[in-house]
1. Can you find even one residue in the stretch A:237-247 that is more than 22 Å from the chain's Cα centre (by Cα) and of a type in the set (Phe, Trp, Tyr)?
2. If you check residue B:79 against the conditions, is it assigned to a helix (DSSP H, G or I), at negative phi, modelled with pLDDT of 85 or more and exposed (fewer than 14 other Cβ atoms within 10 Å of the Cβ)?
3. Report yes if residue B:125 is over 24 Å from the mean Cα position of the chain (by Cα), modelled with pLDDT of 85 or more and either surrounded by fewer than 20 Cβ atoms within 10 Å (Cβ to Cβ) or in a helix (DSSP H, G or I) (or both), otherwise no.
4. If residue A:83 passes every condition in (1) of a type in the set (S, T, N, Q); (2) more than 8 Å from chain B (Cβ to nearest Cβ); (3) free of Cβ contacts under 8 Å to residues at least 12 places away in the same chain but one, which one does it miss?
5. Within the stretch A:217-237, take every residue that is assigned to a helix (DSSP H, G or I) and hydrophobic (A, V, I, L, M, F, W, C) and give me the one that is farthest from residue A:16 (Cα to Cα).
6. What tally of residues in the stretch B:189-224 results from selecting those that are hydroxyl-bearing (Ser, Thr, Tyr), more than 21 Å from residue B:277 (Cβ to Cβ) and assigned to a helix (DSSP H, G or I)?
7. What number goes with the only condition from (1) more than 20 Å from the chain's Cα centre (by Cα); (2) closer than 20 Å to residue B:261 by Cβ; (3) surrounded by fewer than 22 Cβ atoms within 10 Å (Cβ to Cβ) that residue A:89 does not pass?
8. Can residue B:295 be described as at pLDDT 90 or above, more than 14 Å from chain A (Cβ to nearest Cβ) and under 15 Å from residue B:105 (Cα atoms)?
Amino acid sequence: MSLEVRGIEVWRGRGRTLGPMDLMLQPGEVLAVVGPNGAGKSTLLSAMSGELRCSTGEVLLDGTPLLHWKPRERAMRLGVLPQESSLGFGFTALEVALLGRSPHASRAEGSADLAAAVAALDATDTRHLASRSYLTLSGGERQRVQLSRVLAQLSEPLASGHRYLLLDEPTASLDLAHQHLVLEAAARFALAGGAVLAVLHDLNLAARYAHRMAVLAEGRVVELGTPAQVLSPELVARVFGLRVQVVEWPGSPGPLVIPEGRAPLTP
Amino acid sequence: MSASEIAPVSATYRTQEPIQPAAPRPWLLLTALLLGVVLLSLAVGAVPVPLLALAGSLLERVGLDIGHKLESVQQAVLLSIRLPRVTLGIMVGAVLATCGAALQALFRNPLVEPGLLGTSSGAALGAVAAIVMDVALSAHLGSLRMLAVPGAAFLGALGATLLAHRLGGGGGRTETARILLAGVAVSAGAGAGIGLLTQMATDAQLRSITFWTWGSLGGASWDVVGAATPPLLIALGLLLREARTLNLLLLGEREAWHLGVDVERLKRRLILAAALGVGAAVSVTGVIAFVGLLVPALLRLALGPDHRRLLSASALLGASLLVGADLLARTAAIPAELPVGALTSVLGVPVFIGLLSRKGAA
């Protein structure tokens, strides 16, 4: 039972933008995907969600190829938060969260759906915005409301199978406290038996909240393991071109990465 | 280092407010408006039909005599002229407004109009071609001649929409912006065709073409109503069924797909339903502009974007708007009749400009 990527490759024109790659996302874990711009993080997320057809290889959701799932059944298990959304209509924040319930509700939403949507707003600290129009919200507030929508989509434990949450830079436009709040919500989702894959740019956030980290460079996974295993000054210099110190800090659940400056051009 | 060991560092939760989903209930108001406009439209005209006499005649059928009755002229005008005209107005107005609402959701743009897909101009080309070739065809068509113009308009609408859809990449994943641009191209081509055909038209045909391109309910008869009802009602039914999926589409095509919507098939269904509805409407009344743009755009301001309210509210208000505009068109300059499409444009243009200049019109 997992969301598994088997030997996938994505080609655009003559260039290979992703793969070949194997990766497995398991229930109960938060997997952070890090890497420099253009490394293929969002492409990986699109491929894992089934939105992007892979040139070769396949993606298995609980053992069954993603393409074989009925759309609604798939939507009950697999939720995706895109990097940015283009909602240009004045739904209230609560209505946006309720839209996440649509795979579950066959006709009108019931009180269970309302409760799930409200709980999802609570989880992202947006309940006080419930009756505000989405169009009047700030970028960070919109991002959190969209996360609520995806959390509401996946809020119920399933009779069989697991729930997978794919987040593309969920902290991108958030203030410091809300970055932690959103990743705490992701950690709680994993603790409840779900699985989370999050594309992150902040290595310290990744180290704090992720059980495993996958480091992507030029479309391939170059390191995979716990933050303590993966994060080293050599790796960060090689992949990101940045000189750093990696230190243990008392009380911090993961290593801390402290930047020093740009790495010399030749390794 | 499991998640349970993580001490929360984030801000404390805000005080929890009670949640009450607010749902405006427009049905009573909109139904009353439609009923009022319909009754007024039945009563007013060159031959007045007093509502009291109408009620008297209806009650007489069930055995009650209140002392008022319709005269036979009034009864004839009511049954064979006004009733089919109002019926057609209700259906066409409802379909145009509902198609507009659905297409605005499809293109995620509150200022889109059914005409943008090439539907209206395709229908115009078909109708103009039928009018100009009328003389050549009439000998063979016999009694079918009456249906030649609406039939050709309907085929033109369907053909133009499918062509735009195809040019926009209809086979695989269609991008909505491409379909819109293809619609512009198809409209331009149809416009060129109309221009050339107009050069060949006689004076009488030109008058008919002009009147037709501005839209009118003047051609209404029970035959026309009977022919137009099935496609109009089917299109309306198909669109009303999609209210929930249209809401998801507003989130974005990717988001809708991730929520379990087969987006490509949904887009095909919507475009076909809109072509059927607008094609049938244009083929019996000509081009009536702005109903499909104005009604949903205004209702969205009052009701919010939820299509479970918006679609049926658009149908009701669209019907009221067209029946009301038609009442104005045929009574403002008796005995002359103004083209109703010109009237809806007169109403529509300032509102459209107002919506454009509103920041974040939605």
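The values are calculated or read from the model by the stated rules, or taken from the named source; none is laboratory data. Everything quoted here is computed from the prediction, not taken from an experiment. Because the Cβ atoms are built from the backbone with ideal geometry, glycine has one as well, and the counts that use them run over all protein chains shown.
1. no
2. Answer is yes for this residue.
3. Details: over 24 Å from the mean Cα position of the chain (by Cα): no; modelled with pLDDT of 85 or more: yes; either surrounded by fewer than 20 Cβ atoms within 10 Å (Cβ to Cβ) or in a helix (DSSP H, G or I) (or both): yes.
So residue B:125 fails the test.
4. In the conditions (1) of a type in the set (S, T, N, Q); (2) more than 8 Å from chain B (Cβ to nearest Cβ); (3) free of Cβ contacts under 8 Å to residues at least 12 places away in the same chain, residue A:83 misses (3) alone.
5. Ranking the qualifying residues of the stretch A:217-237, first place goes to A:228.
6. Residues meeting the conditions: 3.
7. Result: residue A:89 passes all but (3).
8. On the way: at pLDDT 90 or above: yes; more than 14 Å from chain A (Cβ to nearest Cβ): yes; under 15 Å from residue B:105 (Cα atoms): yes.
The answer is yes for residue B:295.
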